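> Below you will find the structure I want to go over with you.
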Amino acid sequence: MDKLLVVIAGILSITAIAWWFFGNKQQIAIASEQTASEQTATITVDGGYSPAVLSLKAGIPAKITFLRKDPSGCLEEVIMPDFGVAEKLPVNEPLVVTILPKAAGEFTYTCGMRMFSGKIQVV
Amino acid sequence: MLASLTVKTRFIVSLIFSLPLLYMMILARYFGELPGSDYTSFLLSTPVLIIGGYSFYRGAWAAFKKRFASMDTLIAVGTFTAYTYSVYALLRHLPVYFEISALLIVFILLGQVFEELSKQRASKAIEKLAQLQAKEATVFRDGKEQRIAIEDLLLNDVIIVKPGDKIPTDGVIIDGSSTVDESMVTGESLPVAKTVGATVIGATINKTGSFSFKATNIGSETMLAQIIELVKRAQNSRAPIQRLADSISSYFVPAVLMLAIIVFVAWYSLLGVGLVQAMLYAVSVIVIACPCALGLAVPTALMVGTGYGAKLGVLIKSGEVLEAARKVTIVLFDKTGTITEGKPKVTDIVGDKTRSLQLAAALEARSEHPLASAILAAAAAKKIKLPKVSGFTAIEGRGITGSIDGQAVLLGSLRYFTEQGIDTQPMAKRIANLQAAGKTIIMVGANKQLIGVIAVQDSPKATSAAAIKTLNKLGYTTVMITGDNTETARAIAKQVGITEVRAEVLPAGKADLVMEYQQRGSVAFVGDGINDAPALAQADVGIAMGSGTDVAIEAGDIVLVRNNLNDVATALRLSKKTFTRIQLNLFWALAYNVAGIPIAAGVFSSLGLVLNPALAGLAMAFSSVSVVTSSLLLARAKV
């Protein structure tokens, strides 16, 4: 009997894992705060990047503040290959990265091992 | 407070608490149990999980809330399962497995400590470059010499350099002369002689002489600063076949969790082993499957490869270049300044010598043509006075015209003169001889009459023939492209060992020619960074040559800092080797998981091949270290 229960529990757990991790994740683009000469945004680093999608305006320098709350080594580094950024993020200390989004498009950035990723939408 | 502990501290604290556990696991059966046995295990392993495991649990939970799973997830699930079961077992007086959860954390932290050390070594290239920078400079200000910090340097400051000094920034010598060791920036091993008018590069070392120079670039504009920026960008660029690793990693961790459940259910419900053994198999699977090695495979190789290149004076600009360079089969060379010195000299003048040189020099004084300086130098050497020119017009790739003393003067190629209907027959034989000798001829005409021919020669660089030979030997098709006429081009090509020549190509036609060759295969174009920008951009791999401060860092996919053609082969070989290393790393990282998971799952248990979770942790930790080591070995490769 307990063996059957284990089989059922196993199937349920697998279904739950598939649903939770592979299911549709809502990703709403959050816009930066803009002035004529610069735009600013804060990305919280905690189990990933929030907002997961950041929307920036092309042609205006963007100051992005990364605030890493997660001590996990996985998120220690942030790499934005399209903007030539590679920075180590201190825990609980904001770090400002300035980039110039030149052209419209979608740009992915990741952690040092490319396990976590976030997106920058340039419009 | 826990969040701020370094990996090393967490490792040391965890190790101290785990040593008695290790004793209990291995030596207790020979030397006797520690007092309190299972309760001691509980008391020792709990701080390891809290202090050593904090960041894994914190990270795994934060990621879970965002519906992500990472390596932390696997470590957290693996250790937490073993620990909670052991607490349950302790209360029910069953065998406990506290040491497994604690040692697992110790081994993974040990792996991370090693990984950090090797990653630091891999990223040394940038640090070494940055350390080259001089800290202070002696400037001549307010009528006296002053010692100032490098940050306080201003553009056009006059800087004094004494023997043995490090040159503080880029500039042009205005007084004195010396030899300079530029090896640290350009990779050029021989000291370079410098005198008034020569450019000097910041961070290079003055040898014996003294000189003063005017600062032309400071701060982030210097060549060293630009190289550092470029290497930094390249090291963190998107690497080839990264997509494979990226797409795997997002599915990998949840898939491993599902697999662990299947392993547990299969062993417990179908194969009938006990609960504890089934759990140990499942935990081993979770632990051994950590894709750390996979995540490190690409970035570390890229970091070492591009860093090593920078040391050799070969700046590879991105990871994508590596993939493109691997496929290259045809190498196109621009002739002037790439295969040749780019410093042509007037060797012969046929016809009215003085008048020809005078008219040619007068027109060329307004021109930006590469041959202009040769003609002007010849005129200056003969102290010829230059008449005034009006109505100057340049016809790209053909010639120039203007009015001098009321005469319509024109200067240009044989083709241009023929197109203009000017009779060149009287000098045809002399022209043919000069061309056969590899000389470039410039026709000089006045009022639709040929009055003379100036022959200019630009000799191949000393290294060109050897460089082409190496490339031919490596199986590349080498082709020379030039705006010169066919005879001149062939003569130079013959001297350096190139058989395929495309001559009389207009500057705008170079990119089209690259496109034509792309029909036959993947093309690398080697040219001057400033004039050949369209061809460099069109080619699959654009290789820009430069020397000293003339390096056009922006041009091309690969920049050769030394003006040495041998570096083309070095660049292509290094790109190939780095790419191969990335593939090898990915292969091993994947093969490791493919082989390790079945063993951990107990598939070979009937053969006695099993892994307990702690050993699986150790194996996992060292797979990461081995991948990083493999990348580090790239810096020892011969290129």
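The values are calculated or read from the model by the stated rules, or taken from the named source; none is laboratory data. Small disclaimer: the values here were computed from a predicted structure and weren't measured. So basically every Cβ, Gly included, is an ideal-geometry build from the backbone, and we count neighbours across all protein chains shown. Side chains included, ligands, DNA and RNA excluded: accessible areas come from the protein's heavy atoms. Shrake-Rupley method; radii C 1.70, N 1.55, O 1.52, S 1.80 Å.
> How much of the DSSP beta bridge set in chain B is antiparallel, as a percent to the nearest 5? Can you show the working numbers first?
Working: 57 of 78 bridges.
If we restrict to bridges inside chain B, about 75 percent are antiparallel.
> Would you kindly work out the equivalent ellipsoid of region B:467-576 from its C-alpha gyration tensor and give its semi-axes, the square roots of five times the eigenvalues, largest first in whole Å?
Numbers: eigenvalues 76, 57, 44 Å².
Each semi-axis is √(5λ); the values are 19, 17, 15 Å.
> Let me ask another. Considering Cα pairs under 8 angstrom that are at least six residues apart, work out the relative contact order of region A:27-122 and quote it in whole percent.
29
> What FRET efficiency comes out for B:ALA437 versus B:ILE148 if R0 is 60 angstrom and r is the Cβ-Cβ distance? Round to the nearest 0.05.
Details: r = 54 Å, r/R0 = 0.91.
So the FRET efficiency works out to roughly 0.65.
> Fully extended, how many nm does the chain gain between B:THR580 and B:THR347 (0.36 nm per residue separation, minus their Cα-Cα distance)? All intermediate terms of the calculation are to be shown ahead of the outcome.
On the way: separation 233, 0.36 × 233 = 83.88 nm, distance 4.84 nm.
Value of the extension gain: 79.0 nm.
> Each label point is 7 Å from the Cα along the Cα-to-Cβ direction; what then is the distance between the points at B:GLN449 and B:ALA465, in nm?
Each label point is offset 7 Å from its Cα along the Cβ direction, giving 4.4 nm.
> Just add up the charged neighbours of B:ALA437: K/R +1, D/E -1, any other residue whose Cβ is under 15 Å from the Cβ of B:ALA437.
On the way: positive: B:LYS345, B:LYS429, B:ARG430, B:LYS439, B:ARG490, B:LYS494; negative: B:ASP348, B:ASP458, B:ASP484, B:GLU487.
Taking every Cβ under 15 Å from that of B:ALA437, the sum is +2.
> Whole number please: convex hull volume per residue of the Cα set in region A:27-122, in Å³? Show your work: numbers first, answer last.
Working: hull volume 7.7 nm³, N = 96.
So the per-residue hull volume is 80 Å³.
> Which value, in Å³ per residue, describes the convex hull spanned by the Cα atoms of the protein assembly as shown? Display every interim value, and only then the final one.
Working: hull volume 164.5 nm³, N = 762.
So the per-residue Cα hull volume is 216 Å³.
> Can you tell which of B:ALA595, B:LEU110, B:SER45 lies farthest toward the positive end of the dipole of the protein assembly as shown, using +1 and -1 charges on the Cβ of basic and acidic side chains (Lys, Arg; Asp, Glu)?
Looking along the dipole axis, the top candidate is B:ALA595.
> In Å, what Kirkwood hydrodynamic radius results for region B:116-191 from the alpha-carbon pair distances? Numbers along the way, then the final one.
Values: mean 1/r = 0.0687 Å⁻¹.
It is 14.6 Å.
> For region B:431-444, what does the Karplus curve 6.51 cos²θ - 1.76 cosθ + 1.60, with θ = phi - 60°, yield as ³J(HN,Hα) per residue in whole Hz, taken in order and with x for Gly and Pro?
After applying 6.51 cos²θ - 1.76 cosθ + 1.60, I find 4, 4, 5, 5, 5, 5, 7, x, 9, 8, 10, 10, 8, 10 Hz.
> Here's another thing I want to ask about it. Calculate, in nm to one decimal, what A:GLU38 and A:THR65 gain on full extension: separation in residues at 0.36 nm each, minus their alpha carbon distance.
So the extension gain works out to 8.4 nm.
> Viscosity 1.567 mPa s, temperature 4 °C: give me the Stokes-Einstein translational D for region B:138-228 in µm²/s, with Rh taken as the Kirkwood radius over C-alpha pairs. Could you put the intermediate results ahead of the total?
Details: Rh = 12.9 Å.
The estimated diffusion coefficient comes to 101 µm²/s.
> Working out 0.36 nm times the residue gap between A:LEU95 and A:ILE28, then minus their Cα-Cα distance, what length gain in nm do you get to one decimal? Write down the numbers at each step before the final one.
Numbers: separation 67, 0.36 × 67 = 24.12 nm, distance 2.34 nm.
Full extension from A:LEU95 to A:ILE28 adds 21.8 nm.
> How far is it, in nm, from the label point at B:ILE262 to the one at B:PHE587 when both lie 7 Å from their Cα along the line to the Cβ?
For the pair B:ILE262/B:PHE587, the computed spacing is 2.7 nm.
> Follow-up. Which percent, nearest 5, of DSSP beta bridges in region A:27-122 are antiparallel? Walk me through the numbers before you get to the answer.
Working: 21 of 36 bridges.
The antiparallel proportion sits near 60 percent.
> If you wrap a convex hull around the alpha carbons of chain B, what volume per residue comes out, as a whole number of Å³?
Numbers: hull volume 137.5 nm³, N = 639.
Spread over its residues, the Cα hull of chain B gives 215 Å³ apiece.
> Sorted by packing (mean other beta-carbon atoms within 10 Å per residue), highest first, where do B:70-78, B:404-412 land? The partial results should precede the final answer.
On the way: B:70-78: 27.6, B:404-412: 18.7.
Ranked from most to least packed, the peptides come out as B:70-78, B:404-412.
> Now, a different point. Given the protein assembly as shown, what percent of its DSSP beta bridges are antiparallel, to the nearest 5?
70
> Let me ask something else. With a probe of 1.4 Å, find how much accessible area region A:27-122 has per residue, and write the answer as a whole number in Å².
Values: 3900 Å² over 96 residues.
Accessible surface, normalised per residue, equals 41 Å².
> May I ask which of B:LYS8/B:LYS232; B:LYS135/B:LYS311; A:LYS57/B:LYS510; B:LYS385/B:LYS439; B:LYS65/B:LYS577; B:LYS469/B:LYS638 have a Cα-Cα span longer than 30 Å here?
Values: B:LYS8/B:LYS232 26 Å; B:LYS135/B:LYS311 21 Å; A:LYS57/B:LYS510 37 Å; B:LYS385/B:LYS439 26 Å; B:LYS65/B:LYS577 41 Å; B:LYS469/B:LYS638 18 Å.
In this structure, A:LYS57/B:LYS510; B:LYS65/B:LYS577 lie more than 30 Å apart at Cα.
> Which residues among region B:436-473 fall inside the zone where the amide N is under 15 Å from a point 7 Å beyond the Cα of B:THR393, along Cα→Cβ?
Under cut-off, by backbone N: B:447-448.
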